[in-house]
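**Student:** For reference, the structure I am asking about is given below.
The values are calculated or read from the model by the stated rules, or taken from the named source; none is laboratory data. Note that this is a predicted model, so its numbers are computed, not measured. Cβ placement follows ideal geometry from the backbone for every residue including glycine, while neighbour counts extend to all protein chains displayed.
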Amino acid sequence: MDRNGWLSTYLEKFVVHRKMWESEWQRSNKSGFTSSQAFMLILLYQKGPMQAKELMENLAVSSGGITVISDKLGQLGYIRKIKTEQDRRAVFMEITDEGRKAYPDIKEEWEGVSRRIFSVLSDVEVAIMAQLFSKLVDDN
């Protein structure tokens, strides 16, 4: 197969794998969070306050998507929106104490889905995959 054929195969498999991830998350998650809501909480817990723009990039959703996700998590008391004195236009999201309490269970569910979805790969293959995706994201 030539390069274009391999790239086409990759794109097809990437889409299918993403659907597999979502299906497994919906099947096994007991928290009631969507995968995007869970990932936002994980990011905010691990990285601290983040701008909506950063969350859009990390979650691969539009500004409208971030608004929907953050509004829901805000209504539930898991995150709050904050503005800084330096730039009143910039909106940051931060996890609340309630969100911190929910984090261990969400992280456990997230890691369980990851273990099941990637169970067909060896540790070396997972490392290679992570390196390849890092190169694709960081070098473009």
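**Student:** Out of all the residues in the range 43-59, which are closer than 20 Å to K101 by Cβ and either hydrophobic (A, V, I, L, M, F, W, C) or touching a Cys at 6+ places or on another chain (Cβ under 9 Å) (or both)? Lay out the reasoning, then the answer.
**Tutor:** Going through the range 43-59, the residues closer than 20 Å to K101 by Cβ turn out to be 43-50.
Those that are closer than 20 Å to K101 by Cβ and either hydrophobic (A, V, I, L, M, F, W, C) or touching a Cys at 6+ places or on another chain (Cβ under 9 Å) (or both): L43, L44, M50.
**Student:** Here are the criteria: (1) under 15 Å from the mean Cα position of the chain (by Cα); (2) surrounded by 15 or more Cβ atoms within 10 Å (Cβ to Cβ). Tell me which single one S114 does not satisfy.
**Tutor:** (2)
**Student:** Limited to the range 28-45, what total is found for residues that are surrounded by fewer than 16 Cβ atoms within 10 Å (Cβ to Cβ), in contact with a helix residue (DSSP H, G or I) (Cβ under 9 Å, 6 or more places away or on another chain) and free of Cβ contacts under 8 Å to residues at least 40 places away in the same chain?
**Tutor:** Counting residues in the range 28-45 that are surrounded by fewer than 16 Cβ atoms within 10 Å (Cβ to Cβ), in contact with a helix residue (DSSP H, G or I) (Cβ under 9 Å, 6 or more places away or on another chain) and free of Cβ contacts under 8 Å to residues at least 40 places away in the same chain gives 0.
**Student:** Further question on the same structure: Would you please name the residue that is modelled with the lowest pLDDT, looking only at residues in the range 86-140 that are β-branched (V, I, T) and touching a strand residue (DSSP E or B) at 6+ places or on another chain (Cβ under 7 Å)?
**Tutor:** Step one: list which residues in the range 86-140 are β-branched (V, I, T), which gives 91, 95-96, 106, 113, 117, 120, 124, 126, 128, 137.
Imposing the further condition that a residue be touching a strand residue (DSSP E or B) at 6+ places or on another chain (Cβ under 7 Å) reduces the set to 91, 95-96.
Working: V91: 84, I95: 97, T96: 98.
Checking each candidate, the answer is V91.
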